[in-house]
Amino acid sequence: MTDQQHDAQTRAVKPAMWNGWRRKCPNCGNGPLLSGYLSVRDTCPVCREELHHQRADDGPAYLTILIVGHLMAPLLLIVFEAWRPEPMVLFTIFAIGTVALSLYLLPRLKGAMIGLQWAKRMHGFANSA
Ligand SMILES: [Zn+2]
């Protein structure tokens, strides 16, 4: 393989991950990547790129917990130390905030992860179950 052929097959990582974060197809950036909340489409409805073999498994959930946990745990301590709110007020705000942030991040991190996999051609074979 020459260098030129290698370049032709190289996919840019950043745009693919950004398209995935926007929940768009990593190839064209226009078609929707997901159907419903988290299911990956079999093919892109715009460019027909095959997406059915993209599997993020529990990677997005891991990243979501990592990010939300590292944001919310110190924030909880800061809010508690600074204002000492009523326990039910503190619980209600942080329960809603944590769930909302997790639901916001999960499909976007899944898209970004699939964008990375797509760019690096890390998907498995099409017929592997
Ligand atoms: Zn597409």
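Each value in this text was obtained by applying a stated rule to the coordinates, not by laboratory testing. Worth saying up front: this structure is predicted, and the values here are computed from it rather than measured. Cβ atoms come from the backbone with ideal geometry, glycine included; neighbour counts cover every protein chain shown.
A Förster radius of 41 Å combined with the Cβ-Cβ distance from Thr92 to Arg22 puts the calculated FRET efficiency at roughly 0.85.
Fewest to most neighbouring Cβ within 10 Å: what's the order for Lys24, Lys14?
Working: Lys24 21, Lys14 10.
Lowest to highest Cβ neighbour count: Lys14, Lys24.
Annotation: the residues Asp57, Asp42, sorted from fewest to most other C-beta atoms within 10 Å of their own C-beta, follow the order Asp57, Asp42. To the nearest 10 degrees, how steep is helix 59-83 against the longest Cα principal axis of the chain, on a 0 to 90 scale? Helix 59-83 sits roughly 20 degrees off the main axis of the chain.
Spread over its residues, the convex hull of the C-alpha atoms of the range 3-119 is 119 Å³ per residue.
Label-to-label distance, Arg121 versus Trp83, with points set 7 angstrom from Cα along the beta-carbon direction: 5.3 nm. Given +1 at the Cβ of Lys and Arg, -1 at the Cβ of Asp and Glu and no other charges, the dipole of the range 1-106 around its Cα centre is 260 debye to the nearest 20. Springs join every pair of Cα atoms under 10 Å in this Gaussian network model of the chain, and among Trp21, Trp83, Trp118 the largest mean-square fluctuation is at Trp83.
Rounded to the nearest 10 degrees, the angle from helix 87-119 to the longest Cα principal axis of the chain is 10 degrees.
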